[in-house]
Amino acid sequence: MLELRPTEVPTTRPKILLLDHWIKFSDKFPDTLNHVKGRTARIAKQQQVPYELSYLLKSGCYYDLDPSNEAGEAIYPYAAQSLYEVLIGFKPGNYMCHLYFPADFPVYRLDYPTMVVNLNNAKLKYLGAIKPEDSPDTDPRLKLYFVYKLTPIIFRLIVLEGIDYEKITLNLLINRCSMDFSTPLPPDVKPKPILYLTEIAEMRAE
């Protein structure tokens, strides 16, 4: 459900899912998402929708961006057969972003129990932070997958100290896909795996 592709890692994959591409959802998706859990689908239709979100914040303050439909920005799918593949690019600025899923659990952390983001700690507030240059608006590398009824993914947008105000701007490219679950997977096709976010967040060293 999440990709952050470093600049130095080359890839020959298309940046987005295209017509007739195949995907396979992990078995780790919860039962509340059984419309996709463990299932394989063909991309039957797709439409690219650009969308820009901007927020003006004071130095040292943060805003929790919720993309879900109930209390957030309403950019989650509203149909069980829909998948939103979202590329997120950040315009330059004096800010950073932390991802949480569920709302109080940081996606990016290290194995040791105390190695988790802490905004009140001078060092740990940067642990797992995504800076604008990590996924610039001209070449977005942060990618998330939204499905119907997904628990909110929280983007904590934090303005760094040293200025009065900062405008935070996210450029989204929403690849709106319609999934076909009825067509059998061809034997010579390897589908793209879609992991549940907790599989990444809870990853531990073997």
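The values are calculated or read from the model by the stated rules, or taken from the named source; none is laboratory data. Bear in mind that the values here come from a model prediction, so they are computed numbers and not experimental data. Don't worry about glycine lacking a Cβ; one is built from the backbone with ideal geometry, like all the others, and counts go over all protein chains shown.
Here the strands (runs of 3 or more DSSP E) wholly within region 1-73 that include at least 2 residues being loosely packed, with under 12 Cβ neighbours inside 10 Å and at pLDDT 95 or above are 40-58. Restricted to region 144-191, and to residues that are of a type in the set (Lys, Arg) and assigned to a loop (DSSP other than H, G, I, E, B), which residue is farthest from residue 28 (Cα to Cα)? Checked region 144-191; the qualifying residue farthest from residue 28 (Cα to Cα) is 190. Residues in region 74-91 that are surrounded by fewer than 20 Cβ atoms within 10 Å (Cβ to Cβ) and within 23 Å of residue 180 (Cα to Cα): 75, 78, 79, 80, 81, 82. The set of residues from region 74-94 being farther than 20 Å from residue 150 by Cα and either out of contact with any Pro (no Cβ under 7 Å at 6 or more places or on another chain) or not in a strand (DSSP E or B) (or both) comprises 91, 92, 93, 94.
Per the conditions (1) closer than 21 Å to residue 199 by Cβ; (2) surrounded by 16 or more Cβ atoms within 10 Å (Cβ to Cβ), the sole criterion not satisfied by residue 173 is (1). Taking the numbered list (1) without any contact (Cβ under 8 Å) to a residue 60 or more places away in the chain; (2) out of contact with any Cys (no Cβ under 8 Å at 6 or more places or on another chain) in turn, residue 144 passes all entries but (1).
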